[in-house]
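In what follows, a structure is listed as structure tokens, so that the remarks can point back to it.
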Amino acid sequence: MKEFDDRIELSTDRLYDHFGKENGKKQLQKYFSDVSWLQYDDSLYVTDYEPVVEYVLSCHGNQNRLIVDRHKEFVAFVKEKTDKGLRITKDAGVFIAKR
């Protein structure tokens, strides 16, 4: 979405700033002696633009304000990106904590 408009933020509440990959280990080490991070290696391959458009518009960010006057342009942008398939990755994982 940043390629369409670099001002778009899909979530204004950045939960990972409170507890996430970068700061979670330090927080968990207060309670556990052995803490490690296990990275998930997965992605989603999308070939249909409509669910992507609906997902983006349903997020809790500023995208609706930025897209409202450019909706047709946004839909065309997403359609072009998904025509040959779009691989969506995520940076996610899980902490493994032991006492």
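Results for (1) among the aromatic types (Phe, Trp, Tyr); (2) modelled with pLDDT of 95 or more, shown as yes or no for each residue.
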site	(1), (2)
Gln27	no, yes
Tyr31	yes, yes
Val35	no, yes
Leu38	no, yes
Ser43	no, no
Asp48	no, yes
Val53	no, yes
Cys59	no, no
Asn64	no, no
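Within the stretch 3-16, does at least one residue satisfy the condition of being more than 27 Å from Phe74 (Cα to Cα), assigned to a loop (DSSP other than H, G, I, E, B) and touching a residue at least 24 places away in the same chain (Cβ under 8 Å)?
No, every residue in the stretch 3-16 fails to be more than 27 Å from Phe74 (Cα to Cα), assigned to a loop (DSSP other than H, G, I, E, B) and touching a residue at least 24 places away in the same chain (Cβ under 8 Å).
Return the residue satisfying two criteria in turn: it lies in the stretch 21-69 and is aromatic (Phe, Trp, Tyr) and touching a Gly at 6+ places or on another chain (Cβ under 7 Å), and of such residues it is most open to solvent (accessible area, probe 1.4 Å).
Tyr45
Contact list please: Cβ distance under 6 Å, first residue in the stretch 27-42 and at negative phi, second residue among the small types (Gly, Ala, Ser), pairs at least six apart or on different chains.
What qualifies is Leu28/Ala97; Phe32/Ala97; Val35/Ala97; Trp37/Gly93; Leu38/Gly93; Gln39/Gly93; Tyr40/Ala92; Tyr40/Gly93.
Every residue in the stretch 70-93 that is open to solvent by 50 Å² or more (accessible area, probe 1.4 Å), modelled with pLDDT of 95 or more and either of a type in the set (Val, Ile, Thr) or closer than 30 Å to Gln27 by Cα (or both), please.
none
The values are calculated or read from the model by the stated rules, or taken from the named source; none is laboratory data. Computed from a prediction, not measured in an experiment: that's the story for all the values here. Note: ideal-geometry Cβ built from the backbone for every residue, glycine included; neighbour counts use all protein chains shown. Areas reflect the complete protein model, heavy atoms only, side chains present, ligands, DNA and RNA absent. Shrake-Rupley method; radii C 1.70, N 1.55, O 1.52, S 1.80 Å.
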